[in-house]
Amino acid sequence: MKAEIPSKLRKEENSSAVFFNQAKKIQNRSPQHEINSTGRALRSQLPLRIDATAIKFVFHKRDNSNKDLKVLAKTMHSMKKAYKVKILSRWNQKMKDEGLRSLSEGLQSLCSLRYLTLDFESCSKITDKGLKSLCEALKRLHCLQSLDLSLRYCHNITSSGLAALSKVLKRLVSLKSIALNLGNCEKDNLKEINDSLKRHDFLRSIFLGFPDCKPIEDQDLTIITRILKTNNSLNSFNLNFENCKRITDEGLNHLGEDLQKNGLLQSLSLGFACSRNITDHGLKALGERLRLLTSLKSLSLEFRRCEVITDKGLKLLSKDLKSLTSLKSITLKFNCFDEINDDAVKSLSKCLKELNSLQYIHLGLAK
């Protein structure tokens, strides 16, 4: 059964923010040129424009990304104006440490680089050696303001490589936005990442994803959320603990306690999909804390396949969401109910009607 949505609220497609659309236009750089290509087309575009200000490459599964990155790196040495780089290479089984080493050599020459996105999700042949090569490049990017790095399902990257990454993050003091989607994290890595970020006075946006990290438990959530106590300039905070099955109601309660200590948050996203030890009690405890974040303009909660949560928990959460009168966007992904009773639907519908500022709603409730 679908929840009733007020007619004055429009429902839009749920899409991820695109890096190139988010980056602010840098002034006093004329003309503006962007290189947007795939790995397969790279060689046909040589020589690349040395006055390019933005570089985007998408490598497909079967592309020889190592060889292409070596060619790209050589050209980067002449691209002194480039301030945005985006490399997408998901599921590329040919991507190895040598590719990252070549890329790192090229990145080091981009002294004006401000926005960097690197997506190597499921590139399973990348090891700590490749990540450490990348860290050598990051050390030299003193102007970097935005870093988006995905290493999910890179199973050959261990806690040793992540420790090296944490050390580098301490040196990137100009960062305003950081997004890390990591795997194979140990508890020590959580503490190292928190320590590396808590002194960044300019940070405005944080996304930390630790999906499938089996060692993570309730008390580990408090390690990550300590940054909320030390950085009052944050206005966007996003966590993803998908399939971290040791997290329980107690963890959500601790998380809520830390969240309420930063009343300036404008955007909050929490993901606990497949966390089968979270119940209605945990959802209730979280809701009681969320209602105090009255500055929130965007809220996303994901509890897909949390099979112990019932429509009773959704009803309790709906009552607390009424207090968030500044909300313009809300996303609720539960998808854990075989059937939703009328009371839960009415409670959620009443909540949405009372949030007069809402412009965007995305609901996923039934299986």
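The table below gives the values:
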| read-out | value |
| --- | --- |
| Residue check for Ser122: crowded, with 19+ Cβ neighbours inside 10 Å, farther than 26 Å from Leu234 by Cα, out of contact with any Ser or Thr (no Cβ under 9 Å at 6 or more places or on another chain) and modelled with pLDDT under 95 | yes |
| Test result for Ser357, at pLDDT 90 or above, assigned to a helix (DSSP H, G or I) and not aliphatic (A, V, I, L, M) | no |
| Test for Thr294: is it more than 23 Å from Ser326 (Cβ to Cβ), of a type in the set (Val, Ile, Thr) and surrounded by fewer than 20 Cβ atoms within 10 Å (Cβ to Cβ) | no |
| Test for Pro215: is it in contact (Cβ under 8 Å) with a residue 40 or more places away in the chain and either part of a loop (DSSP other than H, G, I, E, B) or closer than 22 Å to Leu324 by Cβ (or both) | no |
| Candidates Glu257, Glu307 - the one that is assigned to a helix (DSSP H, G or I) and on the phi < 0 side of the Ramachandran plot | Glu257 |
| Residue within the stretch 286-298 that is more than 22 Å from Leu228 (Cα to Cα), among the small types (Gly, Ala, Ser) and free of Cβ contacts under 8 Å to residues at least 60 places away in the same chain present | no |
| Any hit, the stretch 89-110, residues being crowded, with 20+ Cβ neighbours inside 10 Å, under 18 Å from the mean Cα position of the chain (by Cα) and aliphatic (A, V, I, L, M) | no |
| Top-ranked residue in the stretch 191-212 [being touching a Lys or Arg at 6+ places or on another chain (Cβ under 9 Å) and part of a loop (DSSP other than H, G, I, E, B); ranked as farthest from Leu293 (Cα to Cα)] | Asp212 |
| Of residues in the stretch 172-184 being in contact with an Asp or Glu (Cβ under 9 Å, 6 or more places away or on another chain) and part of a loop (DSSP other than H, G, I, E, B), the one surrounded by the fewest Cβ atoms within 10 Å (Cβ to Cβ) | Val173 |
| Any chance Lys61 is more than 28 Å from Leu175 (Cβ to Cβ), basic (Lys, Arg) and at pLDDT 55 or above | yes |
| Unique match (being within 24 Å of Thr222 (Cα to Cα) and either basic (Lys, Arg) or crowded, with 18+ Cβ neighbours inside 10 Å (or both)) among Lys353, Lys315, Lys333 | Lys333 |
| The stretch 233-249: number of residues that are modelled with pLDDT under 95 and in a helix (DSSP H, G or I) | 0 |
| Residues of the stretch 126-143 satisfying the condition of being surrounded by fewer than 18 Cβ atoms within 10 Å (Cβ to Cβ) and of a type in the set (Lys, Arg) | Lys129, Lys139, Arg140 |
| Odd one out for Ile227, checked against (1) over 18 Å from Ser300 (Cβ atoms); (2) touching a residue at least 40 places away in the same chain (Cβ under 8 Å) | (2) |
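The values are calculated or read from the model by the stated rules, or taken from the named source; none is laboratory data. In this text the structure is predicted, and so the values were computed from the model without any measurement. With ideal geometry, Cβ positions are generated from the backbone for all residues, glycine too; neighbour counts draw on all protein chains shown.
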